[in-house]
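**Student:** Can you read through this structure? Questions will come right after.
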Amino acid sequence: MSSETHLDNRLRLCAEFVRPGARLADIGTDHAYLPVWLCRNGVCPHAIAADINPEPLNRGRLTVENAGLSGKIETRLSDGLKSIGSNEADDIVIAGMGGELIAKIIGDCDYAKSPDKHFILQPMTRSEVLISWLCENGFEIKDQDCCEAGGKCYTVLSVRYTGAPAPADEIYRYTGILRPRENETHLRFIRAHIGRLRKQSRGDARFAALADRLEEYCGDR
């Protein structure tokens, strides 16, 4: 397996947000492709590849063993961050699950509000729910980008706790700090939100008004 193998655009974008030298916890690791890539390329000195289910964790363990990285990457059965100690990871990736579940995992973690913890979050769905929760609970989006993978557009957020709750307005929940007028991929991501809102508006006209506002924000109106 080469150092480039198995990182699609979604995981590669997550990898770009991991700080060099940081100890990693990859929550919901599945095949452990991300921690293997980061340790093999010298970004992380140590990683924990964690999953709530034994079967994907076993797949991850095989990936780690085949890469010859068992000395640097530990696989661990964990419900979110519940089995990850506060002193074991600096950068925490939570990717490949819904925004509501990501919010719950962070909310259930006692040390998530430590200012030295850096979260890299990649919601597969309901990113607006996650962004709203982060703002209301004192987390700030420090960086955000989008990518396309498997014919879909995804966003990745780099987040830290600041302790300053700032409830997100209706537009920010969907856009975060994306720049749709400057970046075509950011625009495609927000347009996907607009498309879903248009469908929802068939049952509730309020969604149509929100879609109109997002189109204006993107410069489409």
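The values are calculated or read from the model by the stated rules, or taken from the named source; none is laboratory data. What you see is a predicted model, and the numbers here were worked out from it, not measured in a lab. Counting neighbours? That spans all protein chains shown, and the Cβs are built from the backbone with ideal geometry, glycine included.
**Student:** If the Cβ limit is 6 Å and pairs must be 6+ apart or interchain, which residue in the range 154-175 that is without any contact (Cβ under 8 Å) to a residue 40 or more places away in the chain pairs with which residue that is of a type in the set (Gly, Ala, Ser)?
**Tutor:** The qualifying pairs are Thr155/Ser127; Ala164/Gly138; Pro165/Gly138; Ala168/Ser132.
**Student:** Based on what the data block shows, is Pro123 loosely packed, with under 14 Cβ neighbours inside 10 Å and touching a helix residue (DSSP H, G or I) at 6+ places or on another chain (Cβ under 8 Å)?
**Tutor:** no
**Student:** Any idea which of Gly138, Gly219 is among the small types (Gly, Ala, Ser), surrounded by fewer than 19 Cβ atoms within 10 Å (Cβ to Cβ) and closer than 18 Å to Glu100 by Cα? Steps first, please.
**Tutor:** Values: Gly219 fails: closer than 18 Å to Glu100 by Cα.
It is Gly138.
Residues are listed down the side, and each one gets a yes or a no for (1) of a type outside the set (S, T, N, Q); (2) out of contact with any Gly (no Cβ under 6 Å at 6 or more places or on another chain); (3) at pLDDT below 95:
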{"position": "Leu13", "(1), (2), (3)": "yes, yes, no"}
{"position": "Glu16", "(1), (2), (3)": "yes, yes, no"}
{"position": "His31", "(1), (2), (3)": "yes, no, yes"}
{"position": "Ala49", "(1), (2), (3)": "yes, no, no"}
{"position": "Ile52", "(1), (2), (3)": "yes, yes, no"}
{"position": "Gly60", "(1), (2), (3)": "yes, yes, no"}
{"position": "Ser78", "(1), (2), (3)": "no, yes, no"}
{"position": "Ile92", "(1), (2), (3)": "yes, yes, no"}
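**Student:** Moving on. Give me the pairs: first residue in the range 176-189 and over 8 Å from Asp145 (Cβ atoms) and without any contact (Cβ under 8 Å) to a residue 12 or more places away in the chain, second residue surrounded by 15 or more Cβ atoms within 10 Å (Cβ to Cβ) and of a type outside the set (D, E, K, R), beta-carbon distance under 6 Å, and six or more apart or on different chains, which are they?
**Tutor:** Arg179/His186
**Student:** Would you please list the contacts, defined by Cβ atoms under 8 Å and residues six or more apart or on different chains, that run from a residue in the range 196-221 that is under 16 Å from Glu128 (Cβ atoms) and not assigned by TED's automatic domain parsing to the domain that holds Arg173 to a residue that is exposed (fewer than 11 other Cβ atoms within 10 Å of the Cβ) and of a type in the set (S, T, N, Q)?
**Tutor:** Every condition considered, no pair remains.
**Student:** Residues of the range 20-39 being crowded, with 22+ Cβ neighbours inside 10 Å and among the acidic types (Asp, Glu), which ones?
**Tutor:** Result: Asp26, single match.
**Student:** Residues of the range 94-118 being in contact (Cβ under 8 Å) with a residue 24 or more places away in the chain, of a type outside the set (Val, Ile, Thr) and closer than 17 Å to Ser78 by Cα, which ones? Write out each step before concluding.
**Tutor:** First pass over the range 94-118, keeping only residues in contact (Cβ under 8 Å) with a residue 24 or more places away in the chain: 94-100, 102-118.
The next check asks that each one be of a type outside the set (Val, Ile, Thr); those that pass are 95-100, 103-104, 107-118.
Of everything in the range 94-118, those that are in contact (Cβ under 8 Å) with a residue 24 or more places away in the chain, of a type outside the set (Val, Ile, Thr) and closer than 17 Å to Ser78 by Cα turn out to be Ala95, Gly96, Met97, Ala103, Lys104, Gly107, Asp108, Cys109, Asp110, Tyr111, Ala112.
**Student:** Please state which one of Ala22, Ala15 is in the same structural domain as Lys104 (by TED's automatic domain parsing), among the aliphatic types (A, V, I, L, M) and more than 24 Å from Gly150 (Cα to Cα).
**Tutor:** Numbers: Ala15 fails: more than 24 Å from Gly150 (Cα to Cα).
From the options Ala22, Ala15, the qualifying one is Ala22.
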